[in-house]
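First the structure, in the form of structure tokens, and then the observations on it.
The values are calculated or read from the model by the stated rules, or taken from the named source; none is laboratory data. Values in this document were obtained by computation on a predicted structure and should not be read as measured data. Here the Cβ is made from the backbone with ideal geometry for all residues, glycine too, and neighbour counts use every protein chain on show.
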């Protein structure tokens, strides 16, 4: 009669992949693919993409950088100060999209004196350079019911509401709010502040 050894065994047991594990993997892959698809549809249904033209919004946005625009941001609310918006100047469909920051809203008074911005008679402290050209804001302006005053962050290299051919921006000409930028060689991706 043979003896059976009950000691150590150096033979590997074959592992079996169970149907439950395979099902779990498939569910995870399906969930990830569905999430990516839904995110893609939401971004492109709600928003639109455009690129920054020029250096007027540096350092927040750079020339050639792609931005996503929320076209429905202002359906339930109005644009507010510090929003970065996309608009067509004077509603001109043949123009490229302009991207600027709102500094004053309907009913506000705006004036640029000594290179500094005053809204409702109060000096607006910001980190931006003094403006060499006050443009149409050299004289006190009162914004109408649907008018916004916009400036580029790079104040001395920006064609914005100070320019007579842009002027104040009508709410109906605002396409939406810039909410996300995609990187270039120098900048990463992120939300616009």
Item checked: Hey, residue 185 buried (at least 17 other Cβ atoms within 10 Å of the Cβ), in a loop (DSSP other than H, G, I, E, B) and modelled with pLDDT under 90 or not -> no
Note to self: Conditions first: (1) touching a residue at least 60 places away in the same chain (Cβ under 8 Å); (2) under 19 Å from residue 154 (Cβ atoms). Residue 96 passes all but one, so which condition is the exception?
What the structure shows: (1)
Check: Checking residue 5 against (1) assigned to a loop (DSSP other than H, G, I, E, B); (2) modelled with pLDDT of 85 or more, which single condition isn't satisfied?
Finding: (2)
Note to self: Looking at (1) at pLDDT 90 or above; (2) within 20 Å of the chain's Cα centre (by Cα), which one does residue 178 not meet, given that it meets all the others?
What the structure shows: (1)
Check: Quick one: would you say residue 106 is modelled with pLDDT of 90 or more and in a loop (DSSP other than H, G, I, E, B)?
Finding: yes
Next item on the list: Could you check, for the range 68-84, whether at least one of its residues is closer than 30 Å to residue 140 by Cα, in a strand (DSSP E or B), modelled with pLDDT of 85 or more and within 12 Å of the chain's Cα centre (by Cα)?
Entry: yes
Check: If residue 57 satisfies every condition in (1) free of Cβ contacts under 8 Å to residues at least 60 places away in the same chain; (2) surrounded by 16 or more Cβ atoms within 10 Å (Cβ to Cβ); (3) in a loop (DSSP other than H, G, I, E, B) but one, which is the exception?
Finding: (1)
Notebook entry, point to check: Take the residues of the range 114-132 that are surrounded by 13 or more Cβ atoms within 10 Å (Cβ to Cβ) and in contact with a strand residue (DSSP E or B) (Cβ under 9 Å, 6 or more places away or on another chain): which is modelled with the lowest pLDDT?
Noted result: 128
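Kindly indicate which of 102, 166 is in contact with a helix residue (DSSP H, G or I) (Cβ under 6 Å, 6 or more places away or on another chain) and surrounded by 13 or more Cβ atoms within 10 Å (Cβ to Cβ).
Residue meeting the stated conditions: 166.
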